[in-house]
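Let me begin by presenting the structure, written as structure tokens, before commenting on it.
The values are calculated or read from the model by the stated rules, or taken from the named source; none is laboratory data. Everything quoted here is computed from the prediction, not taken from an experiment. As a convention, Cβ positions derive from the backbone with ideal geometry for all residues, glycine included, and neighbour counts pool all protein chains shown. Ligands, DNA and RNA are stripped out before the accessible areas are found, and what is left, the full protein with its side chains, is counted by its heavy atoms. Shrake-Rupley method; radii C 1.70, N 1.55, O 1.52, S 1.80 Å.
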Amino acid sequence: MNIFYAVLTLGILGGVFGLVLSLASKVFEVKTDPKLDLILDCLPGANCGGCGYPGCAGCAAAILAKEAPVNACPSCSGLQTSRIAAVMGVEVKAQERRVAFVRCNGGTRASRKFERYVGLTDCVAAMKVSGNGTLDCAYGCLGLGTCVQACKFDAIHINAHGVAQVDQDKCTHCMQCAKACPRHVIIDVPYASDIMVPCGNKDKGPSAKSLCTVSCIGCRLCEKNCPAGAITVTDNHASIDYTKCTSCGVCVEKCPRKLITDIHATGKVEPVA
Amino acid sequence: MEWTTLFDIALGAILINNFILAQFLGICPFMGVSKKMDTAVGMGFAVIFVMGLASALCYPVNLLLNNLGLKYMQTVAFILVIAALVQFVEMFLKKAIPTLYQALGVYLPLITTNCAVLGVVLLNVQNGYNFIESVVYGITGGAGFLLAIVLFASIRERLEFADPPKAFKGFPIALVTAGLMALCFMGFQGLKIPW
């Protein structure tokens, strides 16, 4: 008889709760726009924060509310963006793919303040304890991997020379690495571009030369020889205007420091460790 | 009813018999969501909320079971009550207080399977608490959980920068830390108040 009571009691309890819940789901129903889920499906779901909203759900809500453009997600490919545009019923222009690039190639080849750094393996911490970084160069990559921690897509690593290097195929241009970098050494470049200047020091030639064997010394040979007029030397280092660059490779040949590289000709700037 | 009794219960739930560090209940969220301080705080408040409500709701259910002579069905019935309660609360919050719903976020449904919540209602019965004592025990038990998880999260944020041997990286060192914290909390066993 006891078992009968037990089954009956729990059955009734379960039934009552079920009924209350199904009623509650009707009473407390919150209407959400079905578009929200469609947009959320197109987003990568990595919650990288590159769009400036709290996670992918926040970005989707902003796109839906028309507070953000349909291409607000910097990590989305063209296909995903066009799907979001289709959901929102707008056209989107094709956008050039851009990636992050570490504008330093010094690492072990740059002179250091100490024989060995034994602090926290974090660039921000190293900046604080060692008085503006462990390198003599005030502009170079410290190679302690703060950007590696920041990357949600496993696209940036420390290479054999002890410098952060972006895997361009994995990079989604969320630029979280650039935000994390205390040296501001990471810039964004077009994915299709070949010629890179992996140095951004602002020291004058002689001192730049003494601090690092692979530094730009601002000699202007590239600027003078560029047939397209795409290279300018400002702040004692060369920078390329990618809207003009034709990837002819003259600067790569002329650079006396062998600094300017054609990353697609050599495969990579340097082999990844 | 005396205030001193309630104070005794509260002190016991927060410090002396802390749910995590002395009774070892609710270890999974304790390890799982303590990597960052803000998520730990969110989880802590969600647990306070659900433990308080579960204590209140399970009290009449327990009376019903006792009257029918079905004391042995407690565990099953309480699981049912807690699961339904959490679902209901989630739906209610989503409609009525969306800001609180967003603040608690994913932690609310996670608590359904938290043994600390089931633990608190079973302990209420075991200790023979009345309704108000039960609710106080539930809320302060949740506060004890919040205390433990916030302390643990702040330690773990620092552990991220520590340089332990490779085999100890991540969870092993976190488990050792939790053990040491439990050891520290044993010190509160001496807090017996002679009324």
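Values as computed for the structure displayed
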quantity	calculated
Relative compactness, the range A:65-155, computed as alpha-carbon Rg over 2.2 N^0.38 Å	1.63
With DNA, RNA and ligands ignored, accessible area of A:Y5 (1.4 Å probe; Å², nearest 10)	110
Span-rule helices in chain B, defined as complete DSSP H runs reaching 18 Å or more along the axis (Cα) with Kyte mean at least -0.5	B:37-67, B:74-96, B:131-159, B:171-185
Net charge contributed by nearby residues that have their C-beta within less than 12 Å of B:V176 (K/R +1, D/E -1)	+2
nm² value of the averaged projected area, convex hull over the Cα atoms of the range A:146-272	7.6
Formal net charge of residues neighbouring A:C48 (Cβ-Cβ distance under 13 Å; K, R +1; D, E -1)	+2
Residue with peak Gaussian network fluctuation, chain A [Cα springs, cutoff 10 Å], from A:G15, A:G106, A:G55	A:G15
Average partner coverage of A:41-51, which counts Cβ from other chains inside 10 Å	0
Contact order relative to length of chain B, as percent, for alpha carbon pairs under 8 angstrom and 6 or more apart	42
Over the range B:90-176, equivalent-ellipsoid semi-axes from the Cα gyration tensor in Å	31, 21, 11
Cα-based helix-to-principal-axis angle, A:2-27 vs chain A, degrees rounded to 10	60
Candidates A:T32, A:T246, A:T234, ranked by Gaussian network fluctuation over chain A, Cα under 10 Å, top entry	A:T32
Exposure rank, largest accessible area first [A:E223, A:E91; 1.4 Å]	A:E91, A:E223
Rounded accessible area per residue of the range B:1-145, 1.4 Å, Å²	44
Length-normalised contact order for chain A - Cα pairs under 8 Å, 6+ apart - percent	15
Anisotropy class of the range A:205-268 from Cα gyration tensor, a/c 1.5 cut	oblate
Listed residue pairs exceeding 29 Å between alpha carbons, taken from A:K113/A:K244; A:K202/A:K258; A:K31/B:K36; A:K26/B:K71; A:K128/A:K254; A:K128/B:K166	A:K113/A:K244; A:K31/B:K36; A:K26/B:K71; A:K128/A:K254
With DNA, RNA and ligands ignored, accessible area of A:S210 (1.4 Å probe; Å², nearest 10)	80
Accessible surface of A:V90 - all protein chains present, 1.4 Å probe, nearest 10 Å²	70
Global form of the range B:149-195, assessed from the alpha-carbon gyration tensor, a/c cut-off 1.5	prolate
Mean-position separation - Cα centroids, the range B:89-155 and the range A:230-244, in angstrom	60
Within 10 Å of each Cβ in B:87-97, the average number of Cβ atoms from other chains	3
Viscosity 1.306 mPa s, temperature 10 °C, Stokes-Einstein D of the protein assembly as shown from Kirkwood C-alpha radius, µm²/s	59
Portion, in percent, of the accessible area of the range A:75-227 that falls on carbon or sulfur, probe 1.4 Å	54
Accessible area in square angstrom per residue, the range A:1-137, 1.4 angstrom probe	60
Protein accessible surface hidden between A and B, which excludes ligands and nucleic acids, total in Å², probe 1.4 Å	1700
Whole-angstrom Cα spans of the range A:1-56 along principal axes, big to small	64, 23, 16
Nitroxide proxy distance, nm - points 7 Å out along Cα→Cβ at B:F24 and A:K204	7.0
Estimated FRET transfer efficiency when R0 is 35 angstrom, pair A:T121-A:K31 (beta carbons, to 0.05)	0.10
Per residue convex hull volume, Cα atoms of the range B:40-195, in Å³	151
Per-selection Rg to Rh, chain A - Cα, Kirkwood hydrodynamic radius	1.20
Shape of the range A:1-156, Cα gyration tensor, a/c cut at 1.5	oblate
Karplus-derived HN-Hα couplings along the range A:105-111 (A = 6.51, B = -1.76, C = 1.60, θ = phi - 60°), whole Hz, x at Gly and Pro	9, x, x, 5, 8, 9, 6
Shielding score for A:15-28, defined as the mean number of other chain Cβ atoms within 10 Å	3
Measure of compaction for the range A:161-208 (Cα Rg per 2.2 N^0.38 Å)	1.32
